[in-house]
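Single-structure report; data block below.
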Amino acid sequence: MGLIQRCMSRILVFFILFIFSQAKAQDTIVLKTGEKILAKHIHIGTKLHFRDYTINRGKRDSIDKDKVDYVIHKSGWRIPMIPPSWYSPIIIIPGIGMSGITMQFHNYFKDEGANIITLFTPVYNLSVDYGVNQLFSVGVTSAWQYLKINPSISHTYTYYAAYALTQLPNGSLVYAGIDPRSITITAPNFNAVETLTRLNIGCRLLYHIRNDDVKDFYIGAGAGFSFWSDKSSPTGYSSLNGSVLPSIHAIIGERKDVNNFFGFEIEGGIGTPYFANAGIYFKMNTRKK
């Protein structure tokens, strides 16, 4: 009898721990009556479809949306069924980023390219985004970067693969080179300095996966043009001066409000003008949607 009681006690403890671990990871549906439902895998459409862990032990269930006040995600994110009024914000974001601009003049992975990078700045950028609605925003961007290099210079040398005894017109015999070949050696010119700047101007479209009072998580894409200035001292090494090159940029980022008008932003990207960026932003609300 004692053995059975101990086994039943252990089963009860395991069951309680299991229920507690399951409940801890649940979302919560709060009805307008004040009743709460622990749930998982909530899909919000014309109805709320979910797995009910309050009564039905994980079975699928649904409820009319007009009976629900709000849903609390397990992270604390509160999702009202009647969204609050949306204000289309204008967001101004100055930032500092990092780019692969030096890779255009020296391949560091293969250690190829004779240019020596003597100085380069981070990417100083400014973006202005307009929230069309809670899902999409459009914006214009600008970014500037500066670097100095010792440009590469090439020298071509000629040599002979072999020598053979050759008779000259006067009848004398000499060894003369045959099978001439050439080799080009590229090295940095430490007596020259090339100064380059890149100004990128473009536009972008962002899709906000989550955009509320807790956080703004988004992905997007941008396109524009890079305007190059390239000067050298002494002259003769400016290969990019006046060049205008197209740019494409894939973006993923997150914003966190400090208050209604100020916050912080981080972004990652593939393409031009940067692959990582951090900044602050200033938000101005405009007309009510």
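The values are calculated or read from the model by the stated rules, or taken from the named source; none is laboratory data. Computed from a predicted structure; not experimentally measured. SASA here: full protein model, heavy atoms, side chains in, ligands and nucleic acids out. Shrake-Rupley method; radii C 1.70, N 1.55, O 1.52, S 1.80 Å.
How long are the three semi-axes of the equivalent ellipsoid for region 149-211, computed from the Cα gyration tensor as the root of 5 times each eigenvalue, in whole Å, largest first?
60, 17, 9
Please report Rg over Rh for the chain, where both radii come from the alpha carbon positions and Rh follows the Kirkwood definition.
In the chain, Rg relative to Rh is 1.31.
Sort Trp228, Trp77 by heavy-atom solvent-accessible area, probe 1.4 angstrom, most to least.
Descending order: Trp77, Trp228.
Taking every eigenvalue of the Cα gyration tensor of region 38-97, multiplying by 5 and rooting it, what semi-axes result, largest first, whole Å?
Rounded to whole Å, the semi-axes are 33, 16, 9.
Give the ranking of Ile79, Ile209 by solvent-accessible surface, highest area first, calculated with a 1.4 Å probe.
So, going from the largest accessible area down, we get Ile209, Ile79.
Using the Kirkwood radius over Cα pairs, work out the Stokes-Einstein diffusion coefficient for region 174-289 at 4 °C and 1.567 mPa s, in µm²/s as a whole number.
70
Let me have the 222 nm mean residue ellipticity of the chain computed from DSSP H runs of 4+ only, each contributing -39500 (n - 2.57), with the sum over all residues rounded to the nearest 500.
The helix-only estimate for the chain comes to -3000 deg cm²/dmol at 222 nm.
Just to confirm the number: angle between the C-alpha axis of helix 2-24 and the first principal axis of the chain, 0 to 90 degrees, nearest 10?
In the chain, helix 2-24 runs at an angle near 60 degrees to the longest axis.
Relative contact order for region 132-289: what is it in percent, counting Cα pairs under 8 Å that are at least 6 residues apart?
That works out to 19 percent.
Under a 5 Å amide H to amide H cut-off, with H placed in plane at 1.01 Å, what residues pair with Val193 once short-range neighbours are removed?
So Val193 has HN proximity to Ser233.
Taking only C-alpha pairs under 8 Å that are 6+ residues apart, what is the relative contact order of region 124-207 in percent?
Relative contact order for region 124-207 comes out at 40 percent.
Ordered by residue, what ³J(HN,Hα) values in Hz, to whole numbers, does region 209-220 give under the Karplus form 6.51 cos²θ - 1.76 cosθ + 1.60, where θ = phi - 60° and Gly and Pro are x?
5, 9, 8, 8, 6, 8, 7, 10, 10, 8, 10, x
Once the Cα atoms of region 21-140 are picked out, what are the Rg and Dmax in Å?
24.8, 73
Show the residues, 5+ positions off or on another chain, whose built amide H is closer than 5 Å to the amide H of Thr54.
Amide H neighbours of Thr54, under 5 Å, 5+ apart: Leu38.
Can you give the relative contact order of the chain as a percent, counting alpha carbon pairs under 8 Å and 6+ residues apart?
Value for the chain: 15 percent.
Amide H neighbours of Val132 under 5 Å, counting only residues 5+ apart in sequence or on other chains, H built in-plane at 1.01 Å?
Ser137, Val138
Quick one: accessible surface of Thr272, probe radius 1.4 Å, all protein chains present, in square angstrom to the nearest 10.
Thr272 exposes around 40 Å² with every protein chain in place.
With respect to the cross-link table entries Lys74/Lys283; Lys67/Lys283; Lys110/Lys148; Lys40/Lys67; Lys40/Lys215, which display a Cα-Cα separation exceeding 26 Å?
With Cα atoms farther than 26 Å apart: Lys74/Lys283; Lys67/Lys283.
On the full set of protein chains, 1.4 Å probe, figure out the accessible area of Val193 and give it in Å² to the nearest 10.
In the full protein context, Val193 sits at about 60 Å².
Accessible surface of His49 in the full protein assembly, 1.4 angstrom probe, to the nearest 10 Å²?
It works out to around 90 Å².
Classify region 107-222 from the C-alpha gyration tensor, please: rounded if a/c falls under 1.5, else prolate or oblate depending on whether a/b exceeds b/c. Before the final figure, lay out the partial values.
Details: a/c = 5.53, a/b = 3.79, b/c = 1.46.
Because a/c hits 1.5 or more and a/b exceeds b/c, region 107-222 counts as prolate.
Cα extents of region 238-289 along the three principal axes, largest first, in whole Å?
For region 238-289, the Cα spread along each principal axis is 48, 24, 20 Å.
What list of ³J(HN,Hα) values in whole Hz, one per residue of region 52-62 in order, does the Karplus curve 6.51 cos²θ - 1.76 cosθ + 1.60 (θ = phi - 60°) give from phi, with Gly and Pro shown as x?
8, 9, 7, 10, 8, 6, x, 6, 5, 8, 8
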